[in-house]
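Everything on this sheet refers to the single structure shown next.
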């Protein structure tokens with residue numbers, strides 16, 4: 001799964017971009033607590049462990065996809 005695909009998923013859930021710095025994008029949600037950081041390095045696939053971590057930070061279950 002690429003960073004672009006992850007970004008589409010979390011933006012669909014209501015997260016919006018608040019900051020970007022050196023290849024990492026940060027997202028915030030109007031209701032959910034915390035921030036989600038997504039590494040953005042072109043069109044490369046993210047490792048499964050990184051994808052799971054991002055979805056966990058965003059409080060999105062794999063079943064919701």
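A few comments on the model shown:
- Using C-alpha pairs below 8 Å separated by at least 6 residues, the relative contact order for the chain is 32 percent.
- Semi-axis lengths (Å, descending) of the ellipsoid that matches the C-alpha gyration tensor of the chain: 17, 15, 10
- Averaged over residues, the count of other Cβ atoms within 10 Å places the peptides 48-60, 17-29 in the sequence 48-60, 17-29, highest first.
Every number here is computed from the coordinates shown, using simple stated rules; none is lab data. Just so we're clear, the structure is a prediction, and the values are computed from it rather than from any experiment. FYI the Cβ positions are ideal-geometry reconstructions off the backbone, even for glycines, and counts take in every protein chain you see.
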